[in-house]
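Asks: Dropping a structure here in structure tokens format, bear with me for questions.
The values are calculated or read from the model by the stated rules, or taken from the named source; none is laboratory data. Quantities reported herein were computed from a predicted structural model and do not represent experimental measurements. Note: ideal-geometry Cβ built from the backbone for every residue, glycine included; neighbour counts use all protein chains shown.
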Amino acid sequence: MVSGVLAQRELEAVGGDLEQEAVRRWHPAVRVLFRFGFVVVGIGMAGVWLLHALLRTFGLPPEAVGAVGRWTALSPLTDWIGAHVFDVPIDYTVTGSGDTAAKWVAAFTLILVAIPVTVAWSVLDRRRPNYTRLYGWFRLLLRLSLASALLLYGMIKVLPTQMSFNLERLVEPFGHMSPMAVLWAQSSLSEPYEMALGAAEVAAGLLLILPLTAGLGSVLAVVVAMQVVLVNLTFDVPVKLFALQILLYATILAAPHIVRIVRALFGRAVDAVEPAPLLATRRGNRVLVTAQVLLGVWLLAAMTVEAYDGWHTYGNARPKSPLYGIWNVTEYSVAGQEVPALIDFRAASEAAMPSATERFRRIIFDIPQGMTAQRLDDSLVSFPARVDTDQRTITLSRDTDHQWKLALFDYVQPQPDRLILEGTVAGKPVRMRLDQVDLAQFPVVSRGFHWVQATPYYR
């Protein structure tokens with residue numbers, strides 16, 4: 001009897017909510033704008049990102065994710081628009097850049113497609129007074145998509161991977177670096193700084209999971225996203241398009257809460273706001289909240305595993321070369337003849353392996369599978385390399401599988417800070433003596449932290 005009365009009251013309450021929702025009529029322009037935003041921002045951007053993120057967490061092969069990416073980019077139409085409107089070839093190859101021509105043209109195509117879809121939707125659904133319930137689902141989609149992105153980018157900073165320290169930056173001239181390289185180098189020099197940036201992103205992502213804390217998470221996400229957009233635009237980081245999308249999601253979610261914060265700062269009363277229910281029953285809404293929590297836990301676990309693997313593969317916890325260090329080339333001879341330390345501009349202009357008579361200034365061993373050489377003009381050139389500690393050999397190649405070998409050296413290490421390399425380059429016998437550089441001589445590494453300083457330290 002009691003349960004029947006409670007059920008009746010619940011139905012009456014839901015019916016009252018639906019009745020109030022039906023009488024609230026949005027302005028026609030607002031309804032049209034919402035339809036357009038739902039298609040572009042909700043389905044075309046946030047929905048696609050969340051789909052890709054979930055496919056990665058489920059272990060789908062990269063090739064399959066790439067195929068889905070081509071489909072969600074509306075590839076046939078995007079290809080045609082790229083060729084006939086912008087006169088650019090559309091290549092969907094993953095390059096690490098989020099600002100490829102394919103990405104920008106796909107965004108343009110999405111907007112074009114959304115226009116007729118919005119028109120058709122507006123005609124067929126012109127009598128609907130509002131989209132209050134659908135707006136709630138729209139915000140939920142933005143929340144989950146934004147949370148997944150923040151958790152991913154946050155975890156690869158908490159486990160320093162995104163901005164990993166590269167040994168060659170210590171000797172590369174500042175003027176030779178791109179703005180992005182400068183940003184990456186300065187961020188990688190302080191793990192606590194990079195981890196703090198990631199912690200802010202992870203905190204915002206976790207707060208976005210629950211409806212109760214989503215408001216605070218969205219406001220924090222705006223601050224985080226603004227910082228990301230600022231550095232991407234000012235340091236030419238090729239993730240501008242996606243960073244702007246992240247800022248858009250966060251701004252849409254945070255706008256009502258920012259208005260309330262401003263009102264409170266001006267001393268005006270602000271009433272408590274309960275999250276609007278998305279389903280018709282309390283049980284359904286409880287199940288939905290539980291599903292959000294489970295999805296949040298799944299995303300956090302998956303992003304943590306992905307970041308952990310990256311941290312140990314190419315992040316700061318990655319393996320180091322057996323000959324790790326920066327080595328000055330103090331002697332260099334070809335066929336017994338000493339080669340002077342003079343810049344060969346003709347040889348230095350070549351992108352491939354230099355000639356045997358070109359003398360290097362430094363050799364840098366950082367990761368096990370590579371070697372970087374610094375020429376006398378301070379430019380850097382890197383090669384796939386293999387250091388065999390059993391045979392005491394160093395192999396340089398054109399490819400990572402070492403099918404196309406460029407040079408083969410035998411090495412001897414008479415002292416911990418000295419190497420002798422003997423081998424062949426371009427068919428000629430070459431001998432090098434290398435002396436290891438003490439990394440403590442670089443203030444950027446050894447300076448440390450000081451609470452008290454007599455004078456600013458600019459050196």
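Asks: Of all the residues that make up region 325-368, how many are surrounded by 13 or more Cβ atoms within 10 Å (Cβ to Cβ), at pLDDT 90 or above and among the polar types (S, T, N, Q)?
Replies: The qualifying residues number 2.
Asks: While we're on this one: Given (1) of a type outside the set (S, T, N, Q); (2) outside any helix (DSSP H, G or I); (3) closer than 30 Å to residue 395 by Cα, where does residue 275 come up short, assuming only one miss?
Replies: Looking at each condition in turn, residue 275 falls short on (3).
Asks: Do the conditions hold for residue 280, that is, is it in a loop (DSSP other than H, G, I, E, B), touching a residue at least 12 places away in the same chain (Cβ under 8 Å) and within 23 Å of residue 148 (Cβ to Cβ)?
Replies: So residue 280 does not fit the description; no.
Asks: Next question. Taking helices (runs of 4 or more DSSP H) that do not extend beyond region 163-247, which have at least 1 residues that are under 26 Å from residue 373 (Cβ atoms)?
Replies: Working: elements: 179-188, 191-207, 214-234.
In region 163-247, the matching helices (runs of 4 or more DSSP H) lie at 179-188.
Asks: Pick from region 27-72 the residues that are outside any helix (DSSP H, G or I) and not small (Gly, Ala, Ser): which of them is modelled with the highest pLDDT?
Replies: Going through the qualifying residues, I end up with 27.
Asks: If the Cβ limit is 9 Å and pairs must be 6+ apart or interchain, which residue in region 229-250 that is over 24 Å from residue 216 (Cβ atoms) pairs with which residue that is among the aromatic types (Phe, Trp, Tyr) and not in a helix (DSSP H, G or I)?
Replies: none
Asks: On to the next question. Going through region 184-217 one residue at a time, which ones are polar (S, T, N, Q) and either within 26 Å of residue 238 (Cβ to Cβ) or within 19 Å of the chain's Cα centre (by Cα) (or both)?
Replies: Answer for region 184-217, where residues must be polar (S, T, N, Q) and either within 26 Å of residue 238 (Cβ to Cβ) or within 19 Å of the chain's Cα centre (by Cα) (or both): 186, 187, 188, 190.
Asks: Please go through region 269-283 and give me each residue that is surrounded by 14 or more Cβ atoms within 10 Å (Cβ to Cβ), among the hydrophobic types (A, V, I, L, M, F, W, C) and farther than 13 Å from residue 215 by Cβ, ordered by number.
Replies: Matches in region 269-283: 278, 279, 280.
Asks: Residues 424, 400: which one is touching a strand residue (DSSP E or B) at 6+ places or on another chain (Cβ under 9 Å), assigned to a loop (DSSP other than H, G, I, E, B) and surrounded by 10 or more Cβ atoms within 10 Å (Cβ to Cβ)? So that I can check it myself, show each step before the final result.
Replies: Working: 424 fails: assigned to a loop (DSSP other than H, G, I, E, B).
Exactly one of 424, 400 is touching a strand residue (DSSP E or B) at 6+ places or on another chain (Cβ under 9 Å), assigned to a loop (DSSP other than H, G, I, E, B) and surrounded by 10 or more Cβ atoms within 10 Å (Cβ to Cβ), namely 400.
Asks: Can you name the residue in region 174-196 that is surrounded by fewer than 19 Cβ atoms within 10 Å (Cβ to Cβ) and among the aliphatic types (A, V, I, L, M) and is also farthest from residue 442 (Cα to Cα) among such residues?
Replies: 196
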